[in-house]
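The values are calculated or read from the model by the stated rules, or taken from the named source; none is laboratory data. As the structure is a computational prediction, the values presented were derived from the model and not from experiment. Methodologically, a virtual Cβ is constructed for each residue, glycine included, from the backbone with ideal geometry; neighbour enumeration extends over all protein chains shown.
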Amino acid sequence: MKHSEMFRDNAENCAQLAESAPNDPAYQRYKRMEAAWRALADEQDWLDGEVSPMRNGNVSAFAQHARRDPEPRSQPDVDETQRNNRTGRTAS
């Protein structure tokens, strides 16, 4: 069995777990895991030379995620604030 097939089997398992999830957070977690396994399977197919990384004119899920700009932080996080307090600096 190819790696991509095993990854798709894992994705299907996550989909089944999502359907029987006891609550919405568990359902969402399994659906994210399912999507990740499917993206990994697609990437493995590409690595194996079986498909182009461009599907229907769209870049693969991994490439889309990698190109995303990080969201700007509106406030310093707690660790940064604590670090600045110890060094006597103010948050910018």
Test Arg32 against the criterion of being assigned to a helix (DSSP H, G or I), charged (D, E, K, R) and at pLDDT below 60, and give yes or no. no
Failed criterion for Asp48 (all others in (1) surrounded by 12 or more Cβ atoms within 10 Å (Cβ to Cβ); (2) more than 14 Å from the chain's Cα centre (by Cα); (3) among the charged types (D, E, K, R) hold): (1)
